[in-house]
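Structure first, then comments.
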Amino acid sequence: MLETQNVAIVGAGLAGSEAAWQLAERGHAVQLFEMRPVRMTAAHKTGDCAELVCSNSFKSRAVENAHGLLKAEMALHKSMILKTGERFSVPAGQALAIDREPFAEAVTAQLKAHPLISFCNEEVTDVAELISAHSHVIFATGPLTSDALATSLQEILGTEYLSFYDAIAPVVTAESIDMKLAFRASRYGKGEADYINCPMHREQYQTFIEAVQQAEKVELHQFEDTRPFEGCLPIEVMVERGPETLRFGPMKPVGLDHPETGERYHAVVQLRQENSVGTLYNLVGFQTKMTWTAQKEVFALIPGLENAEFVRLGSVHRNTFLNGPALLNPQLSLKSHPNVFFAGQITGVEGYMESTAMGILAARQIAAGLENRVESPPSPDTMMGALIRYITETDPKIFQPMNANFGLLNPPEKKLSKAERKTWYAERALKKAAKYAEQV
C-alpha cells in the first residue's frame, strides 16, 4: 500500500527541476530528492538545483537551428528552466548563454518557494522502496548518478541496460554523403547492402593515419577513468598501437570489394544506419577523444565525407544512461514498471535543453495519469517528439546518446535547398508543437 500519493523526483538537475515545476504548476504534489550538498559529485560545486557543470551555453535561439527550434517548442510548454535562463542570459550573439551561479540560485529559490514541492536532501539508494512509497517516480539523476543508486537501478533494469561510459561514433546526414565515391554493400555480400562504405587507397589511408596522430585531443575530466576499454578503443589509441591497427579493426577492407567494379581497397570506413527513418548514419567504430574541430578536419579526409554534415561528433566519456529503446515506452516510462519514469540525460539525450525537454514530457505524462487522461507523445515531426522516437525506437544493439538535430525529423517529400528545408522543418514542427502544448 502506498504511504503517499505524491510524485517522487530523484535529481534536481535541469530535467528534475523542470519536471517538478511542471507537475506542481498543474496542482500535483512533488517530493524532490537531491543528494547535494550532503553528498557531492566530482563535478558539482554547490547544492543548488540546475547547476551547470560544463558549458554555460543553451545554444542557438534561431528556430532555423535544431537547438533553437527545441527551445521554441519548450517555450510553448512554459519551461521554467528556459524562462529563468533568459532572465540570467549574458551576451553571446544568437546563442543563449547563462550567468550560471545566479541562474541556479534563482531556480532553487523558485522550487523551494512552491507550496507543492517538498525537498529531501538525501541520497536515494533503494529504488524499490521509493517506488513502493509513491504513486509515480521520475529518475532524473543525469550522467553522474551515484554508484549506490546505479546499483539499485540495475536490480529493476538489468545489468546490461545501464551504461556508465559513452563510446560514441560520429553521425552524418545521409544526404550529405557523396555516393559517387561511397558505395552500398555488406561484407562478403551477405544479406542486404545495409552499409555505406567509404573506400581508401594506400596513400589516402596513410594521410588519414598521420592526421589522426597529429590531431588535438580533448583532456579528460578528473572524474573520468583514463583507462580505455578494449571493446571501444578511441581510434587514436588504436593508431598509437601501430599504423596498421585500424586496417585490422573498424577499417578492415576484407569482403568489401566494390559491387560493380570488383575493385579492392586498402581500407574501408563503414557507415551504419543510425535511426529508424534512415536519415542518419554513424561511422562504425570511430569513437574518439579528438576535439570537435580536429574531427571535422580529419574525417573530411575520408572519401565520400569531404562535405559531410556532422550532427554528432565522436566521444568517449563518463555518462550513465539507459538503453532507452530496450527499456522505455514513448511516454518515458519503463515497459516493466509503467509508473516509473526517466528524464534528462540518463534517457539517452545529450545537451542541457534536450535533458530539460525530457523533464517536461515526463511530467506531462504523469500529470495525464493523475488526472485520468491519456496523452500521446508529441509528433515526431517536432524536435521533442523526434528525440522521443530516437531514444525509444533506435536499434537497442547500436543505441548511443543523441542531441537535437534536423536529421532526426521526417524529411520533406519534395526537394528543398538547405535554407528552405530548415525553415520548412521549423514551421511544420511549431504548428504541431503548439497543438500538442494546448492539450489539457
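Could you pull out the residue among 363, 294, 368, 308 that is without any contact (Cβ under 8 Å) to a residue 12 or more places away in the chain and small (Gly, Ala, Ser)?
On the way: 363 fails: without any contact (Cβ under 8 Å) to a residue 12 or more places away in the chain; 294 fails: without any contact (Cβ under 8 Å) to a residue 12 or more places away in the chain; 308 fails: without any contact (Cβ under 8 Å) to a residue 12 or more places away in the chain.
Among 363, 294, 368, 308, only 368 is without any contact (Cβ under 8 Å) to a residue 12 or more places away in the chain and small (Gly, Ala, Ser).
Scanning for something of a type in the set (Val, Ile, Thr) and in contact with a Gly (Cβ under 7 Å, 6 or more places away or on another chain), does region 368-383 turn up at least one residue?
no
Suppose we filter region 71-87 for residues that are over 22 Å from the mean Cα position of the chain (by Cα) and among the acidic types (Asp, Glu); how many remain?
So the count comes out to 1.
Of the residues 338, 325, which single one is at negative phi, in the same structural domain as residue 382 (by TED's automatic domain parsing) and not in a helix (DSSP H, G or I)?
Details: 325 fails: not in a helix (DSSP H, G or I).
Being at negative phi, in the same structural domain as residue 382 (by TED's automatic domain parsing) and not in a helix (DSSP H, G or I) holds for just one of 338, 325, which is 338.
Given 70, 76, 32, which one is modelled with pLDDT of 95 or more and either closer than 17 Å to residue 141 by Cβ or in contact with a strand residue (DSSP E or B) (Cβ under 8 Å, 6 or more places away or on another chain) (or both)? Please lay out each step first, then the result.
Working: 70 fails: either closer than 17 Å to residue 141 by Cβ or in contact with a strand residue (DSSP E or B) (Cβ under 8 Å, 6 or more places away or on another chain) (or both); 76 fails: either closer than 17 Å to residue 141 by Cβ or in contact with a strand residue (DSSP E or B) (Cβ under 8 Å, 6 or more places away or on another chain) (or both).
Answer to the selection: 32.
Looking for whichever is closer than 22 Å to residue 122 by Cα, assigned to a helix (DSSP H, G or I) and among the polar types (S, T, N, Q) here; the options are 154, 204. Which one fits?
Values: 204 fails: closer than 22 Å to residue 122 by Cα.
So the residue among 154, 204 that is closer than 22 Å to residue 122 by Cα, assigned to a helix (DSSP H, G or I) and among the polar types (S, T, N, Q) is 154.
For residue 161, state whether it is at positive phi and touching a residue at least 60 places away in the same chain (Cβ under 8 Å). Before you say what the answer is, go through the steps one by one.
On the way: at positive phi: no; touching a residue at least 60 places away in the same chain (Cβ under 8 Å): yes.
Against the criterion (at positive phi and touching a residue at least 60 places away in the same chain (Cβ under 8 Å)), residue 161 does not qualify.
Against the definition (assigned by TED's automatic domain parsing to the domain that holds residue 338, crowded, with 23+ Cβ neighbours inside 10 Å, over 24 Å from residue 434 (Cβ atoms) and in contact (Cβ under 8 Å) with a residue 24 or more places away in the chain), how does residue 138 come out, yes or no? Steps first, please.
Values: assigned by TED's automatic domain parsing to the domain that holds residue 338: yes; crowded, with 23+ Cβ neighbours inside 10 Å: yes; over 24 Å from residue 434 (Cβ atoms): yes; in contact (Cβ under 8 Å) with a residue 24 or more places away in the chain: yes.
Here the answer is yes, as residue 138 does meet what is asked.
Considering each of 124, 137, 107 in turn, give the residue that is assigned to a loop (DSSP other than H, G, I, E, B), within 21 Å of residue 358 (Cβ to Cβ) and at pLDDT 95 or above.
Working: 137 fails: assigned to a loop (DSSP other than H, G, I, E, B); 107 fails: assigned to a loop (DSSP other than H, G, I, E, B).
Exactly one of 124, 137, 107 is assigned to a loop (DSSP other than H, G, I, E, B), within 21 Å of residue 358 (Cβ to Cβ) and at pLDDT 95 or above, namely 124.
Every residue, every condition in (1) under 21 Å from residue 304 (Cα atoms); (2) surrounded by fewer than 18 Cβ atoms within 10 Å (Cβ to Cβ); (3) at pLDDT 95 or above, yes or no:
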site	(1), (2), (3)
224	no, yes, no
228	no, yes, no
232	no, yes, no
244	no, yes, yes
254	yes, yes, yes
262	yes, yes, yes
266	yes, yes, yes
270	yes, no, yes
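Only one of these is of a type in the set (Gly, Ala, Ser) and at pLDDT below 95: 176, 186. Name it.
Details: 176 fails: at pLDDT below 95.
Unique residue meeting the criteria: 186.
Pick from region 384-440 the residues that are over 23 Å from the mean Cα position of the chain (by Cα) and among the polar types (S, T, N, Q): which of them is surrounded by the fewest Cβ atoms within 10 Å (Cβ to Cβ)?
Step by step, filter region 384-440, then rank; the result is 417.
How many residues does region 102-135 contain that are surrounded by 13 or more Cβ atoms within 10 Å (Cβ to Cβ) and in contact (Cβ under 8 Å) with a residue 40 or more places away in the chain?
21
Of the residues 316, 284, which is surrounded by fewer than 21 Cβ atoms within 10 Å (Cβ to Cβ) and either of a type in the set (D, E, K, R) or within 24 Å of residue 161 (Cα to Cα) (or both)?
284
Within region 413-440, how many residues are more than 30 Å from residue 370 (Cα to Cα) and among the β-branched types (Val, Ile, Thr)? Spell out how you get there, then give the answer.
Going through region 413-440, the residues more than 30 Å from residue 370 (Cα to Cα) turn out to be 413-428.
Filter once more, keeping what is among the β-branched types (Val, Ile, Thr): 423.
Looking only at that region, the number is 1.
May I ask you to list the residues in region 51-95 that are touching a Gly at 6+ places or on another chain (Cβ under 6 Å), part of a loop (DSSP other than H, G, I, E, B) and closer than 12 Å to residue 353 by Cα?
Here is the first cut: in region 51-95, the residues touching a Gly at 6+ places or on another chain (Cβ under 6 Å) are 58, 60-62.
Now restrict to residues that are part of a loop (DSSP other than H, G, I, E, B): 61-62.
Correct list: 61 only.
Quick one: how many residues across region 19-43 are over 30 Å from residue 369 (Cβ atoms) and either surrounded by fewer than 17 Cβ atoms within 10 Å (Cβ to Cβ) or touching a Lys or Arg at 6+ places or on another chain (Cβ under 6 Å) (or both)?
6
Please work out if residue 356 is part of a loop (DSSP other than H, G, I, E, B), in contact (Cβ under 8 Å) with a residue 40 or more places away in the chain and surrounded by 23 or more Cβ atoms within 10 Å (Cβ to Cβ).
Details: part of a loop (DSSP other than H, G, I, E, B): no; in contact (Cβ under 8 Å) with a residue 40 or more places away in the chain: yes; surrounded by 23 or more Cβ atoms within 10 Å (Cβ to Cβ): yes.
Criteria not met by residue 356.
Among the residues of region 77-101, how many are surrounded by fewer than 16 Cβ atoms within 10 Å (Cβ to Cβ) and within 13 Å of residue 19 (Cα to Cα)?
1
Across region 58-96, what is the number of residues that are free of Cβ contacts under 8 Å to residues at least 60 places away in the same chain and of a type in the set (A, V, I, L, M)?
Residues meeting the conditions: 6.
The values are calculated or read from the model by the stated rules, or taken from the named source; none is laboratory data. Remember, predicted model here, so these are calculated numbers, not experimental data. Note that each Cβ is placed from the backbone with ideal geometry, even for glycine, and that neighbours are counted across all protein chains shown.
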